[in-house]
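What follows is a set of notes on a single structure, which appears directly below.
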Amino acid sequence: MIETTAALQFTETELLGKVAVVDTSRVTINVSNSVLLTRLGIGNLIAVRGSTEREYLIAVAERVTRSVRDELAEDLPEDGEDTRLVSTPTDLVRGALIGTFRTVDGEKKNTFKRGADSFPQIDRDCYVIDAANLQRFMGILGADYPENERLKLGIFVADRSAEAIISGDKFFQRHAAILGSTGSGKSYAVALILERASKLKHPNIIVFDMHGEYAPLANVEKAGFASRFRIAGPGDLENPADDALFLPYWLLNRDEMLSMILDRSDQNAPNQASRFTLHVRTLKQKTLESEKKAEVLKTFTVDSPVPYSIKDLITLLHTDNTTKGVGKTGPVKGEWEDKLTRFLSRLEAKLDDRRYGFMFTPPPKANEYGWLAAQVGRLLASNGGKGIKVIDFSEVPSDVLPVVTGTLARLLYDVQFWTDPGKRTPVTLLCDEAHLYLPVRDDADAVQRQALGAFERIAKEGRKYGFSLLVVSQRPSDVSRTILSQCNNFLSLRLTNDSDQAVITRLMPDSLAGLTSILPLLDTGEALMLGDAVLLPSRIRLDKPAVTPDSATRDFWKEWGSQASDADAINLAVEALRSQTRGKTA
Ligand SMILES: Nc1ncnc2c1ncn2[C@@H]1O[C@H](COP(=O)(O)OP(=O)(O)OP(=O)(O)O)[C@@H](O)[C@H]1O
Ligand SMILES: [Mg+2]
């Protein structure tokens, strides 16, 4: 009976060879059927007969070696002939043991679990899992997840008829990363995942879109579903549109603000920082008093996001900077006199620069006490596809990009932190092009460190509050190690650079490190899915999203053959460069 229902059934033709060496979680197989080797690729599955008839240990092929050894022929040479040498091929396959399959496991039939329960014995038979066996086996993998947990990403490369289904819960729960060289298909993968999430009732994902390439996802004419915001550009300051997002200076905590305007090498830096802190606190207190927020007044700090007028701050600092001291015989040099000049000019320069308008010259409405709750409410709302919120950062000056992303992330996380645990819905922050604002700590400047702190805190504690990160980057070796090492799932697309591959290898359990050798060989849109959201590390052909991002690779040669350059478009671009707005393209 058991035999007829077993998902794995092997015949002699699928016998690859026998176990020759066992090294903890690795097996080396001495191949007896070299024909099968031609059908075996890196990442393919091998079944090693376990301790009973009903058990197989499952290994992933990670290395194949073929060598030829010259041996003396067994039959003696005939007279007058030289000693004959014959060439015997030695084919070895090394596999990493990753799981245990059981035909019968107590009540259950055909089960697969991660981890090998026992070490394989030497000389045990090893079979290639393909064709019908593979189909049945892959079927078991996805079927393990209940319907409402499934996230379909595509098909398995090993068996194109089997759907690649991962656990959506596990994927988002404890941070994930999508990594791959430029043009490997990361943005498409992001669009695909967002599209799948949009089908849920209340998804809550906030996308940090650095190049505005996810705009089509919010374009109803293109069957888009998401809601979209833009960090306000210089063109939005007069009459801000509804989707223009401001991040007023008063949301920044003391350190974030100082990282932008304080020059730590200035000998007066400590004085400047202390006067700044004192005045900001006083001004926030004034606001709370006029708003009659007695409760907040008792416990607020200089970091609390309470509106104040930056003009008043400048006036106070100017007064410090110009007030003379009173001496016995007349005026003497004031305690702060002339010590704040450089600080003030740096602050005023930011105020005058329209590129920083979203931060330093927000519209009056954004300086009202109730504005913050309304704004955060929009960013954390979850309602079908609209629960996917794409924030376009493409007009944010690169020197403040880290502060902007960091402050926004911190703010959203803090609100989630202070939300009644019973009423929290899980939130994921999708950080596209993460190397731009989540750099390796040693390479980071003051501004970047400030932002890193916010993200690293989320990476370390976010799980408990239902707040996770999905980090996307083309340069994993330039992304903060702290953040990557907190990720539990990796969707790795083609990676050609050695140091980037090394990062993935380091993040993976030792036994799977060999799999990274396929990373440079992956096709566009193909990925290696690693982590606890899949039962097996698998090579997946990702589905193409229905709404594709604006990131398509251009056909240089064909376009040079057909499309002329447009002088008017260039004129408009020059004007756009001058005005720093993309607005008028017609
Ligand atoms: N799943 C897929 N199926 C088919 N084609 C794909 C798939 N994913 C990506 N492509 C192709 O690859 C091109 C580049 O993909 P994508 O924009 O996602 O790259 P990327 O990894 O985000 O690159 P970058 O790091 O430069 O942003 C797309 O224009 C598309 O033609
Ligand atoms: Mg991209």
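Taking 0.36 nm per residue of separation and subtracting the Cα-Cα distance, what length does fully extending GLN9 through ASP352 add? Present the calculation step by step, with values, prior to reporting the outcome.
Values: separation 343, 0.36 × 343 = 123.48 nm, distance 7.41 nm.
Result: 116.1 nm gained on full extension.
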Rounded tilt (10° steps) of 269-290 against the dominant C-alpha axis of the chain: 80
Within the range 42-65: backbone nitrogen closer than 14 Å to the GLN121 label point (7 Å, Cα to C-beta): 49-57
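According to the Kirkwood expression over distinct Cα-Cα pairs, how big is the hydrodynamic radius of the range 362-501, in Å? Could you put the intermediate results ahead of the total?
On the way: mean 1/r = 0.0614 Å⁻¹.
After inverting the mean inverse Cα-Cα distance, the result is 16.3 Å.
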For the range 32-142, what are Rg and Dmax over the alpha carbons, in angstrom? 19.0, 70
Just from the alpha-carbon atoms, what are the Rg and Dmax of the range 522-586 in angstroms? 20.0, 55
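How compact is the range 457-586 by the rule of thumb for globular proteins, expressed as Cα Rg over 2.2 N^0.38 Å? Present the calculation step by step, with values, prior to reporting the outcome.
Details: Rg = 20.3 Å, N = 130, 2.2 N^0.38 = 14.0 Å.
Dividing the Cα radius of gyration by 2.2 N^0.38 Å gives 1.45.
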Placing each pseudo-label 7 Å from Cα in the direction of the beta carbon, ARG342 and THR65 end up separated by a distance in nanometres of 6.2
How large, in Å, is the range 492-558 by the Kirkwood hydrodynamic radius built from its alpha-carbon pairs? 13.6
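Over the range 101-140, what portion of Cα pair distances is larger than 15 Å, expressed as a whole percent? Can you show the working numbers first?
Numbers: 442 of 780 pairs.
When every Cα pair of the range 101-140 is considered, 57 percent fall beyond 15 Å.
Take every Cα-Cα pair in the range 311-359 and report what % of them are more than 17 Å apart.
Numbers: 527 of 1176 pairs.
Looking at the range 311-359, the distances longer than 17 Å represent 45 percent of pairs.
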Which order do the peptides 174-184, 27-37, 480-490 take when ranked by the mean count of other beta-carbon atoms within 10 Å per residue, highest first? 174-184, 480-490, 27-37
At ASP523 and THR299, where each label point lies 7 Å from the Cα along Cα→Cβ, what is the point-to-point distance in nanometres? 5.8
Two-site FRET efficiency, ALA241 against ASP266, from Cβ-Cβ distance with R₀ of 30 Å, rounded to 0.05: 0.15
Binned at 5 Å from zero, the C-alpha pair distances of the range 1-62 give percents of 4, 14, 27, 28, 15, 9, 3, 0
Per residue, how big is the convex hull around the C-alpha atoms of the range 130-243? Give it to me in cubic angstrom, could you? 151
Would you list, by chain and number, the aspartates and glutamates whose Cα falls below 18 Å from the Cα of LYS293, excluding same-chain residues fewer than 8 positions away? ASP303, GLU368
Relative to the compact-globule scaling 2.2 N^0.38 Å, provide the ratio for the alpha-carbon radius of gyration of the chain. 1.24
Among LEU141, LEU491, LEU192, LEU85, which comes first, second and so on when ranked by fewest other beta-carbon atoms within 10 Å? LEU85, LEU141, LEU192, LEU491
GluC sites (Glu not before Pro) lying in DSSP loop within the range 1-71, provided at most 14 other Cβ fall within 10 Å: GLU53
What helix-only [θ] at 222 nm does the chain give? Using -39500 (n - 2.57) per DSSP H run of at least 4, over all residues, to the nearest 500, the answer is -9000 deg cm²/dmol
Placing one equal point scatterer on each C-alpha of the range 184-295 and summing with Debye, one gets log10 I(q)/I(0) at q = 0.12, 0.17, 0.18, 0.21 Å⁻¹ equal to -0.74, -0.96, -1.00, -1.14
Quick one: what does P(r) look like for the range 371-443 with 10 Å bins over all Cα pairs, in whole %? 15, 47, 30, 8, 0
Relative contact order %, the chain, counting alpha carbon pairs below 8 Å whose residues are six or more apart: 19
Nonlocal amide H pairs with ILE178, under 5 Å, H built at 1.01 Å: VAL471, VAL472, SER473, LEU491
Please list the radius of gyration and Dmax for the range 96-168, considering alpha-carbon atoms only, with Å as the unit. 13.7, 43
Give me the Debye-computed log₁₀ of I(q)/I(0) at q = 0.12, 0.13, 0.15, 0.20 Å⁻¹ for the range 254-343, equal point scatterers on Cα only, no solvent, two decimals. -0.44, -0.51, -0.65, -0.96
Largest-first principal axis extents of the Cα set of the range 61-208 (Å): 86, 48, 27
List the lysines whose Cα sits under 30 Å from the Cα of LYS350, skipping any in the same chain fewer than 8 residues away. LYS284, LYS286, LYS311, LYS324, LYS333, LYS339, LYS365, LYS389, LYS584
Kirkwood Rh over alpha-carbon pairs of the range 158-214, then Stokes-Einstein at 37 °C and 0.692 mPa s: what D in µm² s⁻¹, rounded to an integer? 245
Find, among the GluC sites (Glu not before Pro) in the range 180-253, those assigned to loop by DSSP (not H, G, I, E, B) with at most 16 other beta-carbon atoms within 10 angstrom. GLU238
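Bear in mind that the values in this text are calculations on the coordinates, not laboratory data. Keep in mind the model is a prediction, meaning the values are calculated, not measured. Ideal geometry is used to build each Cβ from the backbone, glycine not excepted, and the neighbour counts take in all protein chains shown.
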